[in-house]
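**Q** Mind having a look at this structure? Questions to follow.
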Protein chains: 2
Amino acid sequence: MPRTKGDHESRRRDVSEAVWRVLAAQGFGGLTLRAVAAELGATTGLLTHYFPAKRDLVAYALDLLEQRSAARPRRAAGAGLAAVRAALLDILPLTAEATGANRIWVSSWDVALADPALSGDHARRYARSRDKLCDLVAEAQRLGELPAGDPAGVAAGAQAFALGLVVQALFDPTAFPPARQAELVDGYVAALAGSPPAPGGERVVPS
Amino acid sequence: MPRTKGDHESRRRDVSEAVWRVLAAQGFGGLTLRAVAAELGATTGLLTHYFPAKRDLVAYALDLLEQRSAARPRRAAGAGLAAVRAALLDILPLTAEATGANRIWVSSWDVALADPALSGDHARRYARSRDKLCDLVAEAQRLGELPAGDPAGVAAGAQAFALGLVVQALFDPTAFPPARQAELVDGYVAALAGSPPAPGGERVVPS
């Protein structure tokens, strides 16, 4: 019986799942045709049909990471400072799923930094993400919730804050449980707004 | 003629240099006995004398990274907020040498996250670094340069900010030249102090 388009799509989904599981367990450092084949219960020969070279596998994995990140659920957020806060929380490893995806993002930095084309792709991804944050910051400034000033600088700083917090939380989940991460975001957002949180950690920004 | 202790030390230095050059060019993802041997102009056989397994090479590279980071020159800094600012600037890729070392740190995150023992080592390194920042923050609070509050939270936030800025600057050096990085640190420190920078980027914190 001839293979159908459905077979092909279904096999492609299986391959994606296998690539994702290898990334989640071992990062890009452990992403090999052999590891994906083992996860899939297939031969490396079958895999070379999809990925003639290691570089094809890495490019596929990066695309997969971007698609799954783009498709992830986001917090409902109003406008202004609440939207800035929600965008930062959406980046953080606050759930098991977000932790897995972030672990793969951080892992991708090594492979991307070693390759100018991949590095450029990552730079563009982060620039787009800063642009979105910048729009939210500018809106919060218009609403008077943030002091006037360079919104691009605030967005770059906020993105840096979130990415660095991702790294800290991945290495030290005990020191950075979800509630602590959220508290640090609230402190950061409050400082931006010009109202540092009171001693004792009073929640300045509403949930 | 028997090998002397001096020969041994000199060879060890050569090996360290070769490991460093491989890391700077290819990250931990490209760190293999074969690559180090090629860089050293030696056989992989010689290298297995130093590193019986790949894991030994990775552990050695991480130690080397830590030693070189600990030995790097630091900014002279007074007390209080100026010391917090100097500590953050000391982390950033503001020179070619600091860029190389940071690129290796970021690369190490993939290999460390894939191994619980290495991950624990990294968590302890970052916790020590936060503790030092926390002391500086507490001193700035005593001096009245930062509002009262949880110094550990401020230190964790500041470390996150610096690490995330490292990542951004490595991927997009055009968008984050040294002057822009310093400006963002100044904006961050000013926001912590409760005095967001004026529109136009007036320098609130003295250099």
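**Q** Classify the stretch B:12-66 as rounded, prolate or oblate, taking a ≥ b ≥ c as the square roots of the eigenvalues of its Cα gyration tensor: rounded when a/c is under 1.5, otherwise prolate if a/b is larger than b/c and oblate if not.
**A** rounded
**Q** Same structure, new question: From Cα coordinates alone, what are the radius of gyration and Dmax values for chain B in angstrom?
**A** Gyration radius and largest Cα-Cα distance of chain B: 20.1, 71 Å.
**Q** Give the shape of the stretch B:75-194 as rounded, prolate or oblate, defined through the alpha-carbon gyration tensor: a ≥ b ≥ c are the square roots of its eigenvalues, a/c under 1.5 means rounded, and otherwise the shape is prolate if a/b is larger than b/c and oblate if not. Mind showing how you got there, number by number?
**A** Working: a/c = 2.23, a/b = 1.29, b/c = 1.73.
Oblate, since a/c reaches 1.5 and b/c is not below a/b.
**Q** Another question, then. List the distances, in nm to one decimal, from the label point of A:A96 to the label points of the same position in every other copy, shortest first, placing each label point 7 Å from Cα along the Cα-to-Cβ direction.
**A** 4.9
**Q** How far is helix B:81-91 tilted, in degrees, relative to the longest principal axis of the Cα atoms in chain B, given as a value from 0 to 90 rounded to the nearest 10?
**A** Orientation of helix B:81-91: about 30 degrees from the principal axis.
**Q** Once you charge only the Cβ atoms, +1 for Lys and Arg and -1 for Asp and Glu, what is the size of the charge dipole of the stretch B:75-194 about its Cα centre, to the nearest 20 debye?
**A** Details: 10 positive and 13 negative charges, 25 e Å.
Approximately 120 debye in magnitude.
**Q** With an 8 Å cut-off on Cα pairs and a minimum separation of 6 or more residues, tell me the relative contact order of chain A in percent.
**A** 19
**Q** Same structure, new question: Please say if the protein assembly as shown is rounded, prolate or oblate, where rounded means a/c under 1.5 for a ≥ b ≥ c the square roots of the C-alpha gyration tensor eigenvalues, and otherwise the choice is prolate for a/b larger than b/c and oblate otherwise?
**A** Verdict is oblate for the protein assembly as shown.
**Q** Which distances, shortest first and in nm, link A:G30 to the matching position in the other copies, using label points set 7 Å out along Cα to C-beta?
**A** 2.4
**Q** Cβ neighbours within 10 Å, averaged per peptide: list B:134-140, A:167-173, B:156-162 in order, most packed at the top.
**A** Listed from highest to lowest mean packing, they are B:156-162, A:167-173, B:134-140.
**Q** Something else now. So what's the gap between the Cα centers of the stretch B:161-192 and the stretch A:1-76, to the nearest angstrom?
**A** Going from one Cα centre to the other spans 35 Å.
**Q** Count the net charge of all other residues whose Cβ sits under 14 Å from the Cβ of A:L33, scoring Lys and Arg as +1 and Asp and Glu as -1.
**A** Local net charge: +1.
**Q** Something else: Treating the point 7 Å from Cα along Cα-beta-carbon as the label, what are the nm separations from A:A148 to the other copies, to one decimal?
**A** The answer, with the shortest distance listed first, is 3.4 nm.
**Q** Taking Cα atoms, how many degrees apart are the long axis of helix A:54-70 and the longest axis of chain A, rounded to 10 and kept between 0 and 90?
**A** Relative to chain A, helix A:54-70 is tipped by roughly 40 degrees.
**Q** Which residue fluctuates most in the GNM of chain B (Cα springs below 10 Å): B:G164, B:G100, B:G78?
**A** Fluctuation is largest for B:G78.
**Q** Go ahead and estimate [θ] at 222 nm for chain A from helices alone: -39,500 (n - 2.57) per DSSP H run with n ≥ 4, summed, over the residue count, rounded to 500.
**A** After summing the helix terms and dividing by the residues of chain A, the value is -23500 deg cm²/dmol.
**Q** Could you grab the relative contact order for the stretch B:1-62? Cα pairs under 8 Å, six or more apart, rounded to a whole percent. Before the final figure, lay out the partial values.
**A** Values: 35 pairs, mean separation 17.3, N = 62.
Relative contact order of the stretch B:1-62: 28 percent.
**Q** Now, a different point. Using a 10 Å cut-off around each Cβ of peptide A:127-136, what is the average number of partner chain Cβ atoms that fall inside?
**A** Per-residue shielding by partner chains comes out at 1.
Only the coordinates and a few stated rules stand behind these numbers; no lab work does. Since this is a predicted model, take the numbers as computed values, not measurements. Here the Cβ is made from the backbone with ideal geometry for all residues, glycine too, and neighbour counts use every protein chain on show.
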